[in-house]
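What follows is a short report on a single structure.
The values are calculated or read from the model by the stated rules, or taken from the named source; none is laboratory data. Note that the structure is predicted; figures quoted are calculated from it, not measured. Don't worry about glycine lacking a Cβ; one is built from the backbone with ideal geometry, like all the others, and counts go over all protein chains shown. Calculation scope for accessible area: heavy atoms of the full protein, side chains included, ligands and nucleic acids excluded. Shrake-Rupley method; radii C 1.70, N 1.55, O 1.52, S 1.80 Å.
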Amino acid sequence: KHITYYFDDTGGIVAEKYRTKDKDFSWKGSAKSVRLFGSQLWKPNKKISITITEGEIDAMSVSQLQNNMYPVVSIPNGAASAVKDVKKSIEWLLGFKEVVLCLDNDKVGLEAAQEVAKLFPPKFVRIASLPLKDANEMLRNGRGFDLKNCLRDAKPFTPDGIISGNDVMDRLK
């Protein structure tokens, strides 16, 4: 089993999440009160971006890639509850320069990224596009450099129907 711990604002453990090798999940403790995985490690800072991943292992993969120097968190209950989980931490997240969403490259993850992005003010969210399933798969396949580029080149979120200035220029050219 893989065990992750979730903390409250005082640093106390409020829940444990268990993951088997077959990706069966279970909780011990107060799973409903958990915050984003890893959030207890970071204080908001308007000078730096924060990355949100879909899973704890993905968060640790991105953090490892960045030498544990930049904030990375993950949603605790998967893409299906991403909006609900991010809403719980919205004020905390708004304390950063921007949010980079790096959710799984599957239908549920891509849809969740769009819905989560809508929770934030315009130009506050960028969405990374991965060529493989998730951040951990990229790292395990020796594509850490590509993952860094995906995070760096994440596209700013624009709601449907709104065309960015860059897109207008590209169309005009």
Practice task
Please work out whether region 26-65 counts as rounded, prolate or oblate from its C-alpha gyration tensor, where a ≥ b ≥ c are the square roots of the eigenvalues and a/c under 1.5 means rounded, while otherwise a/b larger than b/c means prolate and anything else oblate?
Solution key: oblate
Handout entry: Kirkwood hydrodynamic radius of region 100-152, Cα pairs, Å
Key = 11.5
Exercise for the section: Could you please state how large a percent of the accessible area of region 23-173 is carbon and sulfur, counting protein chains only and using a 1.4 Å probe? Expected result: 54
Completion exercise
With the 1.4 Å probe rolled over protein heavy atoms, region 1-64 has an accessible area per residue in Å² of 60
Completion exercise
Pseudo-spin-label distance LYS123 to ARG19, built 7 Å along Cα→Cβ, given in nm, is 3.5
Practice task
Could you pull out every residue, at least 5 positions away or on a different chain, whose amide H is within less than 5 Å of the one on ARG126? Hs are placed 1.01 Å off N in the peptide plane, and Pro or chain starts have none.
Solution key: VAL99, VAL100, LEU101, PHE157
Problem - Positive-end residue, the chain charge dipole about Cα centroid, Cβ charges, pick of SER30, ILE48, GLY78 - result: ILE48
Fill in the blank from the handout: Measuring from the longest principal axis of the C-alpha atoms of the chain, the long axis of helix 107-117 (C-alpha) lies at a number of degrees, nearest 10, equal to 80
Handout entry: Beta bridge orientation in the chain: antiparallel %, DSSP, nearest 5
Key = 60
Problem - Cβ-defined net charge surrounding ASP134, 11 Å radius [Lys, Arg +1; Asp, Glu -1] - result: -3
Problem - Prolate/oblate/rounded label for the chain (Cα gyration tensor, a/c 1.5) - result: prolate
